[in-house]
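Engineer: Below are the structure tokens for one structure; questions will follow.
Only the coordinates and a few stated rules stand behind these numbers; no lab work does. Everything numeric in this text was worked out from a predicted model, so none of it was measured. Quick reminder, even Gly has a Cβ in these numbers, built from the backbone with ideal geometry, and neighbours come from all protein chains shown.
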Amino acid sequence: MDMTAQIKKNLISRIKDSKDLNFLKALQTIFDSSEQALYQLTSEQQTAIEKGRNDIKEGDFHKNEEVISEMREWLKKK
């Protein structure tokens, strides 16, 4: 039996045997949320994400450490 089938069989058995209403409601919430898109993005947001991904592919970004260092230097001048 493959891993997916084994997990499904185990979950089905545990759900059938459960008398815990809170547990079952939590599972229902998980199933409901997994069937829906987690985020509804606007076209502008999707475009911005795609631009960011392209920038990364092209190496057009700054490492976090560099940005923090620049910020610390800037703050020292204030």
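Engineer: Going by the conditions given, is PHE31 part of a helix (DSSP H, G or I), out of contact with any Gly (no Cβ under 7 Å at 6 or more places or on another chain) and exposed (fewer than 10 other Cβ atoms within 10 Å of the Cβ)?
Structural biologist: The answer is yes for PHE31.
Engineer: Looking at the structure I just gave you, is ASP60 outside any helix (DSSP H, G or I) and out of contact with any Pro (no Cβ under 9 Å at 6 or more places or on another chain)?
Structural biologist: Taking the combined requirement at face value, the residue satisfies it.
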